[in-house]
Structure formats: C-alpha cells, structure tokens
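In what follows, a structure is listed as structure tokens, so that the remarks can point back to it.
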Amino acid sequence: MKFFVDTAEIKDIKDLNETGLLDGVTTNPSLIAKSGRDFKEVIAEICSIIEGPVSAEVASTEYDGMVAEGEHLAKIADNVVIKLPLTVDGLKACKHFTSKGIKTNVTLCFSANQALLAAKVGATYISPFIGRLDDINLDGVELIENIRQIYDNYAYSTEILAASIRTPNHITEVALAGADVATIPPAVIYKLADHPLTKAGLDAFVKDWKSTGQSIL
Ligand code: G3P
C-alpha cells in the first residue's frame, strides 16, 4: 500500500521523505489555511521535494471554474494531481482532465455509488473519508471494502485512496480491505513504528551491549 502524507507543512514532508516511506502528498483547502501560506507557492515547493503525486484541490464549485483552476494548477509541476469534489460538476471536470491525460483525485467520497461514478469518469484516485464516517457512527472501513469489490468486479483502474485517517488501526484496516493508498497525517505515520515491546527490547539490548564494553567501529 502506498503512503501519502496529508499535510501542507513543508518540514513534515521533508522529514518523512527522508525516511523512504513517502509515496506522495495530499493537501486540501483546510490544510492550506492552517499552513498560513500562499497555496500555489506551497504546491510548487512540495513538488520540488517529492517526485510522487501531489494533490492540489480546486476552490471553485462550478465546472468552468474547476477547469480553469485545475489547468492553472497542473502547470505548476508534472506531478500535480488535480483534486476535485465529488459533485456532478466535479465529475464532469474529472472527465475533462482525464481526457487530457491530467491526473485527478476525486475527494469527499462517502458512498460506494459516489466511488462508482468517479471510476466511470476515469478518476486516477478516489478519496473515501474513513474518519468522518466513523465520526457519525457509520463504518468507514466497510466503505473501502465495498469500493474494492465494485472496482474489482469491473476492473476499474481508479486507485482507492483512503483519506481522513485518524489512527494506526485505520491503516491496518484499510490495508486489509485492499486500499491502494492511504493518505495519513504525519503523527499517525510515526505512530505506526511504535510498539512497547520494541522499545523495551531495544532498551535491554542497549543496556546489555554497554555492559560488554565493546565497540563495533
Ligand atoms: O485530505 C482529506 C482528509 O484526509 C481529511 O481528513 O481528518 O479532516 O477528516 P479529516
């Protein structure tokens, strides 16, 4: 499963990129607002750090505006992916970008039917929001399972990008459900490496090694 980081914070992106764990980046208007920075500058900077796909979301909610904004954003760098909302206008804009060979990420997906529509217009990625479904007592992981089944039934190539990930358990669950990608907040990526037995075991090895008085170098 590919890992994208869901952030507009350059330091987090640089640090994670150095770990070798990162396959791409997603941003959204809320993350850009949180960064306090100019949107297009941030996207250009991220694209200079990351070779993989970098999702940049349109602000317009009408087809013409989405197309104009998306075409502008796509010129920033070759790895920009145009992120579009799952509305009829967004799907129509997705079709436009697909026909031009520009990659798309259809976002704010909360149902299997919505995911089916995104695949039909050739979306590169569909972003089901797991955490926000869990927040209202629905089952985000079940949605990933259903989309996986539907896409496999018809051999759709749209990749399932599990979004709104909140916990390390979400990662295990969406990986088991067959998501192609998860976009994850930086803190959750680091938590995936934690285990109390790893920590306790390493502490013991460090102590015992010191007691030998040896040095490897
Ligand atoms: O990028 C979209 C998504 O990951 C948002 O997550 O936590 O705001 O629901 P969240």
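No value in this document is a laboratory result; all are computed from the given coordinates. What you see is a predicted model; the values in this text were computed from it and never measured. With ideal geometry, Cβ positions are generated from the backbone for all residues, glycine too; neighbour counts draw on all protein chains shown.
Simple spin-label estimate for Leu21 and Lys40 gives 3.4 nm between the two label positions (7 Å along the Cα-to-Cβ direction from each Cα).
About its Cα centre, how strong a charge dipole does the chain have in debye, to the nearest 20, once Lys and Arg get +1 and Asp and Glu get -1 at the Cβ?
On the way: 20 positive and 29 negative charges, 32 e Å.
Taking the Cα centre of the chain as origin, the dipole is about 160 debye.
Rounded to two decimals, the Cα-based Rg/Rh of the chain, with Kirkwood Rh, is 1.06. Between the alpha-carbon centres of segment 152-217 and segment 88-145 there is a gap of 26 Å.
If contacts are Cα pairs under 8 angstrom and at least 6 residues apart, what is the relative contact order of the chain in percent?
Numbers: 370 pairs, mean separation 35.6, N = 217.
Rounded, it is 16 percent for the chain.
With R₀ set to 45 Å, the beta-carbon distance separating Ser99 from Ile10 gives a calculated FRET efficiency near 0.85. Helices in the chain, meaning DSSP H runs of at least 4 residues, each add -39500 (n - 2.57). Divided by all residues, the mean residue ellipticity at 222 nm is -15500 deg cm²/dmol.
Express the relative contact order of segment 1-112 as a whole percentage, based on alpha carbon pairs under 8 Å and six or more residues apart in sequence. Write down the numbers at each step before the final one.
Working: 171 pairs, mean separation 22.3, N = 112.
Reported relative contact order: 20 percent.
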